[in-house]
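Peer 1: Encoded as structure tokens, here's the structure I'll be asking about.
What follows draws every value from the coordinates through simple rules; no lab data is involved. As the structure is a prediction and not an experimental result, all values here were calculated from the model. Ideal geometry is used to build each Cβ from the backbone, glycine not excepted, and the neighbour counts take in all protein chains shown.
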Amino acid sequence: MSVKDYVSEADNGSFQDCHVPDLVPRGAQLVKLLLILESPHVDELATKTPVSGKAGTAALQYLLSAHSGERLGSYVRAKHDAGDYRVGILNVSNVPLQKKALDSSGIKSALSVHDWTVIRRVRTSSARSLMGTRCAEANAARGILLRGLQRRVDALNLDADCVVVPCGAFARRFVRELHRLPGAAPLEVLHPSRRQWLNNGSHPNLLTLRELFAQHT
């Protein structure tokens, strides 16, 4: 087992219990709004659905301008189940990048302490270049994540006017490295954790996101 095996997990390997699939069409349906976040956490592991925890509840509250108690991930999944795929959600990493997510879920990790130190650097490094950390293993893992993200985005049928929304600094660094995105510039917003959308709700980019979400749901 290695960091490479872990961040490469595609739901059929040794770490398949840690994999949370993207909320995107499986066919050729057009995606109009694509949210990209960092990685799953405890609630996402339990539901196998992105943005299913407290951050998802606060995010949907902001986007709907109403508190429903529902999570963003389950709301978008229900839309997909009804055949409406205009909004998609994916994570840069389909496996958690925080060990406490696995520990709290009761999933035994085969990774070593050293491996988790590398993964922490993957997640927290603020190096200017995506692969510019001082840790070669972290750079290699980031490269795997970027290639995987590019492959998953390329597999989508993005509308010519689709808006890609990186949520948080981690997602932003990866989205800036992507090729072949639609013509619209990515709409960079805060990560919805810690009620950041609610607490910064008047930010122009968040207001634009709320308008787009209302338009496409």
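Peer 1: Report the label-to-label distance for Gln215 and Lys4 in nanometres (one decimal), using points 7 Å from each Cα along the Cα→Cβ vector.
Peer 2: 4.4 nm
Peer 1: Does anyone have the angle between helix 204-216 and the longest principal axis of the chain? Alpha-carbon axes, 0 to 90°, nearest 10?
Peer 2: Taking the Cα atoms of the chain, the angle to 204-216 is about 70 degrees.
Peer 1: Taking the beta-carbon count within 10 Å as an exposure proxy, list Tyr75, Tyr6 from fewest neighbours to most.
Peer 2: On the way: Tyr75 20, Tyr6 25.
With the fewest neighbours first, Tyr75, Tyr6 line up as Tyr75, Tyr6.
Peer 1: Looking at the range 31-81, which GluC sites (Glu not before Pro) are DSSP coil and have at most 12 other C-beta atoms within 10 Å of their C-beta?
Peer 2: Numbers: sites: Glu38, Glu44, Glu70; in loops: Glu38, Glu70.
Here no GluC sites (Glu not before Pro) fit, given the DSSP loop and packing criteria.
Peer 1: So what's the angle, to the nearest 10 degrees on a 0 to 90 scale, between helix 136-154 and the longest Cα principal axis of the chain?
Peer 2: In the chain, helix 136-154 runs at an angle near 30 degrees to the longest axis.
Peer 1: Additional query: Among the trypsin sites (Lys or Arg not before Pro) within the range 53-128, which fall in a DSSP loop and have no more than 10 other Cβ atoms within 10 Å of their own Cβ? Before the final figure, lay out each step's value.
Peer 2: Working: sites: Lys54, Arg71, Arg77, Lys79, Arg86, Lys99, Lys100, Lys108, Arg120, Arg121, Arg123, Arg128; in loops: Arg71, Arg86, Lys108, Arg128.
Counting only loop positions with at most 10 other Cβ atoms within 10 Å, the trypsin sites (Lys or Arg not before Pro) in the range 53-128 are Lys108, Arg128.
Peer 1: Of all the C-alpha pairs in the range 88-154, what % are more than 20 Å from each other? Walk me through the numbers on the way to the answer.
Peer 2: Values: 736 of 2211 pairs.
Cα-Cα pairs in the range 88-154 separated by more than 20 Å: 33 percent.
Peer 1: Any chance you could give the angle, 0 to 90 degrees and rounded to 10, that helix 72-81 forms with the longest Cα principal axis of the chain?
Peer 2: The answer is roughly 70 degrees.
Peer 1: Return the subset of Lys48/Lys108; Lys4/Lys79; Lys79/Lys100; Lys4/Lys99 for which the Cα-Cα distance in this structure is over 23 Å, preserving the input order.
Peer 2: Details: Lys48/Lys108 17 Å; Lys4/Lys79 34 Å; Lys79/Lys100 31 Å; Lys4/Lys99 16 Å.
Exceeds cut-off: Lys4/Lys79; Lys79/Lys100.
Peer 1: Follow-up. At Asn200 and Asp17, where each label point lies 7 Å from the Cα along Cα→Cβ, what is the point-to-point distance in nanometres?
Peer 2: Placing both labels 7 Å along Cα→Cβ, they lie 3.6 nm apart.
Peer 1: Starting with the fewest neighbours, write out Leu23, Leu111, Leu178 ranked by other beta-carbon atoms found within 10 Å of each beta-carbon.
Peer 2: Numbers: Leu23 23, Leu111 19, Leu178 16.
In order of increasing Cβ crowding within 10 Å: Leu178, Leu111, Leu23.
Peer 1: Between Lys100 and Arg128, what is the spin-label point distance in nm, taking each point 7 Å from the Cα along the Cα→C-beta axis?
Peer 2: Distance between label points: 3.3 nm.
Peer 1: If you take every DSSP beta bridge whose two residues both sit in the range 3-216, what share of them, in percent to the nearest 5, is antiparallel?
Peer 2: On the way: 1 of 13 bridges.
Bridges in the range 3-216 are about 10 percent antiparallel.
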